[in-house]
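Some notes on the structure that comes next.
FYI, it's all coordinate maths here, none of it is from the lab. Since the structure is predicted, the reported quantities are computational estimates derived from the model, not experimental observations. Glycine also receives a Cβ, built like all others from the backbone with ideal geometry; neighbour counts cover every protein chain displayed.
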Amino acid sequence: MSDVLTERARVQQLVEGRTLVDALAETAAAHADQPAYSDRHHAAEGESWRTLTWGETRDRALDVAAGLMEAGVAAGDTVAIMATNRVEHFLADMGAVHAAATPMSIYNTLSAEQVAYVAHHARPRVVVLETADHRARWEKALAEVDSIARVVTLDQDWDDLVAAGAAYRAEHPGAVEDRAAEVTPATAATILYTSGTTGNPKGVVLTHHNVLYEAISTQEKAGMLDPQRSVSYLPLAHIAERVLGLYGPQITGSHMYAIGDPAELLATLGEVHPTAFFGVPRVWEKIKTGISAKLAADPDPANREMVQRSMAAGLAWVQAQEVGGTMTPEVEEAYRQADEQILGFLKLLLGLDQVTWAGSAAAPMPLDVAQFMAGLGLKVYDVYGMTETCGAVTANGPDAFKLGTVGQANPGMEIRLGEDGEILVRGPVNTPGYHLQEEATRALVDEDGWLHTGDIGVLDDDGFFSVVDRKKELIITSAGKNVAPSNIENYLKESPLIGHAMAIGDNRPYVVAILTLDGEIAPLMAQQMGVEFSDLADLAQKPEIVAAVRQAVDAANERLSRPEQVKSFELLGVEWTAESEELTPTLKLKRRVVNTKYSDVVDRLYG
């Protein structure tokens, strides 16, 4: 315990009395002419990207702050932003901070009813919107919530806001700086409304102290204290994107390439060649299935054997570096040869050839996916945390990692397991509470300051944590057997045919599963099998595809205990996305939605 508190005191000293206002000012001074944020909007003729330097970023953020003040934003007001990842989104956030207001990024996929709920609850003074679709999602809120004084649409009003702010600064020198000086470490840096796998979203308040402590401790654990080059593509309503794409860069002076459409990710990686890259497990799964399909399609068995041999060398090289592993000259040499022969080329093809840190979070990384990436010579460091802990509280990193775990406690964090195995967290990154929801806050953090994560975990002798599943999502069969659904689902998704899987069995005699096809890989595999089809719904009915999926289910069952085994399944002819309701914006299953939406399927499976 004394070591934890000593580490906490050390990091606390680095952030003591500081805010994001201080961080941006120092970084803009130290890296004034270095690139800060790039996106594909309004790029100069012949250019793919427009880019702001750190000096320009701070100056523009101060203009935005002045524009917001001129529009009536007072200290403590909220400013809501619904937009894709682009320069203006980052500037709106920073501008709100410098106006001593609280910026709130809202998930672009929220329905009009959910947006209205958030707006009634948070009462924003200004709303920043990007597209006509975003405007439509806000119409109900705009009609009902009287706190909203102004709506700024990026294509129509943004330039006017910035120009008005620049004029305000000229007429009132020092006014923005005086307002920004009102920000303290205890001031809310953001309120993030959780995507809500159940019920209405709750607004998680995170302070400047929370976010600075989290950013610095994360950078230390990742070995990313120097400026990095990375891609920002996850929603800025997601705490991981805020820490890695917004808060961290303001400390290190990193360069972020922002893309509004995640479908552009793979092409962007090939263009940018980031030095650091973060992906939720689904992103890594898609990379794995894509490469696997291409390798399987190679008609030359000698090539396939060479790749398998090389990837075995890559995996052995990574495993030798795990805690408890042993590196030998033979393993080093085998990897060097494999990297020269094919692995280096595959990483170059993916745009991940310059990555020195790769991370994953939001859900536990399936071990087979981590091992596949290790086969390429990529160490993907799994980390664990939640919005309520301002992001990561445990992490693997260059200094210590184990595949299949979410790592050890971050600097200064107290983490223990409750009597029922629930992961409990105490430390400077814990939220002070939910916005205007005292009862929910009391249920989250107990009297001793321990935050109850709702996740079940295990801890090994080396201090590495693993997440078993969400406490509320554990399946308890009618025979009283406790079953972790994510374990079953990860085994099922090892088949490149299967896009998503949901295991069901709570209070039932046995486990069943609802499956979907992978919308990109399944059609390619069907073509290779000579199966003719018109669309995904047609493909899901084809006997050859159903048989192949059945083989995948059988393969998963061989690795599962009897109570965990899937006794029956149904293959749907649709894809699950955040837009189609089955997934959260961070691509986690909304189990209650699936159970309700496909209740007829569940009834059939138990018929």
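Label residue 296 and residue 472 with points 7 Å out from Cα along Cα→Cβ: what is the distance between them in nm?
My value for the distance between the label points is 3.6 nm.
Please list, in order along the range 269-276, the HN-Hα scalar couplings obtained from phi with the Karplus expression 6.51 cos²θ - 1.76 cosθ + 1.60 (θ = phi - 60°), rounded to whole Hz, x for Gly and Pro.
4, x, 8, 8, 6, x, 8, 9
Under a crude label model (7 Å from the Cα following the beta-carbon direction), how far is residue 354 from residue 538 in nanometres?
4.4 nm
Karplus couplings for the range 216-231 from phi (6.51 cos²θ - 1.76 cosθ + 1.60, θ = phi - 60°), rounded to Hz, Gly and Pro as x?
Listing the rounded values in order: 5, 5, 5, 5, 4, 5, 7, x, 10, 7, 9, x, 10, 10, 8, 10 Hz.
Find the Rg to Rh ratio for the range 339-387, where Rh is the Kirkwood radius over alpha-carbon pairs and Rg uses the same atoms.
Reported Rg/Rh (Cα atoms, Kirkwood Rh): 1.03.
Once phi is turned into ³J(HN,Hα) by the Karplus curve 6.51 cos²θ - 1.76 cosθ + 1.60 with θ = phi - 60°, what whole-Hz value does each residue of the range 392-402 show in order, with x for glycine and proline?
Rounded to whole hertz, the list is 5, 10, 10, 7, 7, x, x, 7, 6, 8, 9.
How about residue 481: which aspartates and glutamates have a C-alpha closer than 20 Å to its C-alpha, ignoring those fewer than 8 places off in the same chain?
Hits, sequence-local ones excluded: 419, 420, 422, 455, 469, 473, 489, 506, 558, 564.
Specify the angular offset, from 0 to 90 degrees and rounded to the nearest 10, of the alpha carbon long axis of helix 543-558 from the longest principal axis of the alpha carbons in the chain.
90 degrees
Starting from the Cα coordinates of the range 281-469, work out the convex hull volume and express it per residue in Å³.
Measuring per residue, one finds 133 Å³ for the Cα hull of the range 281-469.
Go from 0 up to the bin containing the longest alpha carbon distance in the range 4-163, width 10 Å each, and give me the % of pairs per bin.
10, 35, 32, 17, 5, 0
Compute the helix-to-body angle for 301-321: its Cα long axis versus the longest principal axis of the chain, expressed 0 to 90° and rounded to tens.
Computed tilt is about 60 degrees.
Peptides 589-596, 28-35: what's the order by average Cβ count within 10 Å, highest mean first?
Put in order of decreasing packing, that is 589-596, 28-35.
With a cut-off of 12 Å, note down the residues of the range 547-570 whose backbone N falls inside the zone around a label point 7 Å from the Cα of residue 479 toward its beta carbon.
From the range 547-570, the list is 561-567.
Residue 39's amide H: which non-local residues (gap 5+, or another chain) put their own amide H closer than 5 Å, with H modeled 1.01 Å from N in plane and none for Pro or chain starts?
Distant-sequence amide H within range of residue 39: 50, 258.
Using amide H atoms built 1.01 Å from N in the peptide plane, name the residues 5+ places from residue 231, or on other chains, whose amide H lies under 5 Å from its own.
257, 278
Within 10 Å, count the other beta carbons around each residue, average over each peptide in 177-188, 321-332, and list them highest first.
Ranking the peptides 177-188, 321-332 by packing returns 177-188, 321-332.
Output the peptides 542-555, 367-380, 303-316, 87-100 sorted from most to least packed, where packing is the average of other Cβ atoms within 10 Å over each peptide's residues.
87-100, 367-380, 303-316, 542-555
Show the residues, 5+ positions off or on another chain, whose built amide H is closer than 5 Å to the amide H of residue 454.
Excluding prolines and chain starts, which carry no amide H, the hits are 423.
Do any of 221/471; 202/588; 288/347; 221/402; 567/597; 286/402 go past 19 Å between their Cα atoms, and which?
The pairs that break the limit, which is 19 Å between Cα atoms, are 221/471; 567/597; 286/402.
Quick one: Debye curve from the C-alpha atoms of the chain, no solvent, what's log10 I(q)/I(0) at q = 0.07, 0.10 Å⁻¹?
So the normalised log intensities work out to -0.44, -0.93.
Please arrange 347, 481 by how many other C-beta atoms lie within 10 Å of their C-beta, fewest to most.
Ordered from fewest to most neighbouring Cβ atoms within 10 Å, 347, 481 come out as 481, 347.
Once the Cα atoms of helix 329-338 and of the chain are each reduced to a long axis, what angle between those two axes, in degrees from 0 to 90 to the nearest 10, is obtained?
Helix 329-338 sits roughly 80 degrees off the main axis of the chain.
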